[in-house]
Structure formats: structure tokens, C-alpha cells
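Novice: What follows is a single structure, and I will ask about it in a moment.
The values are calculated or read from the model by the stated rules, or taken from the named source; none is laboratory data. Keep in mind it's a predicted model, so treat the numbers as computed, not measured. We place every Cβ from the backbone using ideal geometry, glycine too, and count neighbours over all the protein chains shown. These accessible areas exclude ligands, DNA and RNA; they are computed on the full protein's heavy atoms, side chains included. Shrake-Rupley method; radii C 1.70, N 1.55, O 1.52, S 1.80 Å.
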Amino acid sequence: MIIVDGQQSSLELKQFANLEQVLERVMEDGRMQGRIVTDVFVNGEAFSEIYPHQAEDVDISFVDKVEVVSISVTEMGMSIARELYKVISLMQKAAKRTAELFRLADDGSALEMYSDLTEVCRNFLNMVGVLRAEFSLQELPAFEQSVKDLSALFSEMIEIQENEDWILLADLLEYEFLPLVEKTKAVVAQLRESMKAVAHG
């Protein structure tokens, strides 16, 4: 049985040799145009690939049920735009606290917090990448510029971290990173508004 967004598909599992073929066929359906798959369940268990084309190695003879859940690209964009705002607020808090800890010479805690901050930054830049790929953001040059500056600053921070210059890193976080994050936060708010316009337009 193949279920797509709660509806049973007319496709039969026995028509396919492996899970990858099933997923490719589901994606070819016209109704999936403008949609992004968010979840795949095989026999009721969530499935996500640990390595590329792992789905090809899933023999369909062991599968009774495949369920595919998707959302529209516009919904995805709105949800990413909402997440971006949360993520950038987190970046702000983490950067402030990391700079404070470095200045207090509490390097252990500062590095732990800094590691979280770099992870959050990476997520932010990845989400922006998805938005860029799916939506036209040319009408928001301020957003593009902010992201470019943030990306460049992020690379600089990694370089300083490698040199273990914690005071310089604290300065960079406080005097360059935080103001840039503040600016980006305002632009993300604009982005959310323009995404709403796309959704309702």
C-alpha cells in the first residue's frame, strides 16, 4: 500500500523492486508539483537516508506500506521564514553570552556555547540556501547582502578560533557579529512579510 498525504495511491508496491523506485514514481505525479517531501514512513517507521541512495537498497518485498508526507513549497518557505527569525534570535543570545564568557576567561563554557553558536549559524545559512533555491529573493538585496556579510564573518570567526585568540573572538562577536545579526533580524522580518505576500498572492 502506498499512501501520499493521507490518500491511498493507485500504485501497487509490487510494481517496484526497491523503495527508491517508489519514491521517484510518487514524485513524478503531477499532484506533487510545487511540493516538498518532509517525511517518508516504511511499515509505519520513519525512514531517512543515512547514505545517498540508501532507498535503493530497501527491497520492496519486505515492505507492506510506504507513506509519503509533503507540504507545498510556499508553506515550506513560510515555515522556514518563521524558523529563521527564531534562529537569528538564538544567534543573538548565544553570541552575547559567548563574548561575556570569553571576557570572564571561562574558556571551557565559552567554547561550548561558541560551538552551539556555530551550529546555529550553519543551520541559518543552510535554511537561507533552501529559501534561495525555492524562491526568488532578488527583490530583497538587503537580505542577500546581510547573508553574504554573515557568511564572511562566520569564516573569519572560524579562523580566529583556530588561532585560539579568545579575546579577539569576543571582540568580533560583540562589535561585528552582534550588530550584523541585529541588522539581519530586521531583514528577516521583511522577508517574512514578503513570503506572506507570495503565499497570499
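Novice: Lysines within cross-link reach of residue 183: Cα-Cα under 19 Å, excluding same-chain residues under 8 positions apart?
Specialist: Partners found: 86, 93, 96, 148.
Novice: For the stretch 5-74, what Kirkwood radius comes out of the mean inverse Cα-Cα distance, in Å?
Specialist: 12.6 Å is the Kirkwood radius here.
Novice: For the chain, which whole-number percentage of the solvent-accessible area (1.4 Å probe, protein heavy atoms only) is attributable to carbon and sulfur atoms?
Specialist: C and S atoms contribute 51 percent here.
Novice: Just to confirm the number: angle between the C-alpha axis of helix 141-162 and the first principal axis of the chain, 0 to 90 degrees, nearest 10?
Specialist: It is inclined by approximately 70 degrees.
Novice: Taking the Cα centre of the chain as origin and charging only Cβ (+1 Lys, Arg; -1 Asp, Glu), how large is the dipole, in debye to the nearest 20?
Specialist: It comes to approximately 960 debye.
Novice: Which longest uninterrupted range of the chain lacks any GluC sites (Glu not before Pro) assigned by DSSP to a loop state (not H, G, I, E or B) and surrounded by at most 16 other Cβ atoms within 10 Å?
Specialist: 50-138
Novice: Here's a follow-up. Kindly give the semi-axes, whole Å and largest first, of the ellipsoid equivalent to the stretch 1-43, taking each as the square root of 5 times a Cα gyration tensor eigenvalue.
Specialist: 16, 11, 11
Novice: Using only alpha carbons, build the gyration tensor for the stretch 67-134 and give me the equivalent ellipsoid semi-axes, biggest first, whole Å.
Specialist: Square roots of five times the eigenvalues give 32, 11, 9 Å.
Novice: For the stretch 42-54, what does the Karplus curve 6.51 cos²θ - 1.76 cosθ + 1.60, with θ = phi - 60°, yield as ³J(HN,Hα) per residue in whole Hz, taken in order and with x for Gly and Pro?
Specialist: Whole-Hz 3J(HN,Hα) from phi for the stretch 42-54: 10, 6, x, 9, 4, 10, 9, 6, 8, 9, x, 6, 4.
Novice: Hey, another quick one. Could you give the Stokes-Einstein D for the stretch 2-121 in µm² per second, using the C-alpha Kirkwood radius, 25 °C, 0.890 mPa s?
Specialist: Reported coefficient: 140 µm²/s.
Novice: What nm value, rounded to one decimal, do you get for the distance between residue 56 and residue 71 when each label is placed 7 Å out toward the C-beta?
Specialist: Distance between the two pseudo-spin positions: 3.0 nm.
Novice: Which residue fluctuates the most in the chain, going by a Gaussian network model with Cα springs under 10 Å, if the choices are 25, 35, 103?
Specialist: 25
Novice: Round to the nearest 10 and give me the degree value, 0 to 90, for the angle of helix 178-200's Cα axis relative to the longest principal axis of the chain.
Specialist: Around 30 degrees separate the two axes.
Novice: Report the percentage of all Cα-Cα pairs in the chain whose separation exceeds 20 Å, rounded to a whole percent.
Specialist: 64
Novice: Kirkwood hydrodynamic radius (Cα pairs, Å) of the stretch 30-71?
Specialist: 11.5
Novice: Out of 101, 169, 146, whose Cα points farthest toward the positive end of the dipole of the chain (charges: +1 Lys, Arg; -1 Asp, Glu; placed on Cβ)?
Specialist: Result: 146, furthest along the dipole toward the positive end.
Novice: Hey, what's the chain come to in accessible area per residue, 1.4 Å probe, Å²?
Specialist: Result: 57 Å² per residue.
Novice: Hey, another quick one. Can you tell me how much longer the chain between residue 175 and residue 79 gets when fully stretched, taken as 0.36 nm per residue apart minus their C-alpha distance, in nm with one decimal?
Specialist: 31.5 nm
Novice: Oh, and also: Roughly how many debye, to the nearest 20, is the charge dipole of the stretch 11-115 about its Cα centre, given +1 on each Lys and Arg Cβ, -1 on each Asp and Glu Cβ, and no other charges?
Specialist: That gives the stretch 11-115 a dipole magnitude of about 760 debye.
Novice: Using only the alpha carbons of the stretch 54-102, determine the length spanned along each of the three principal axes and report them from longest to shortest in whole angstroms.
Specialist: Principal-axis extents of the Cα atoms in the stretch 54-102, largest first: 58, 29, 15 Å.
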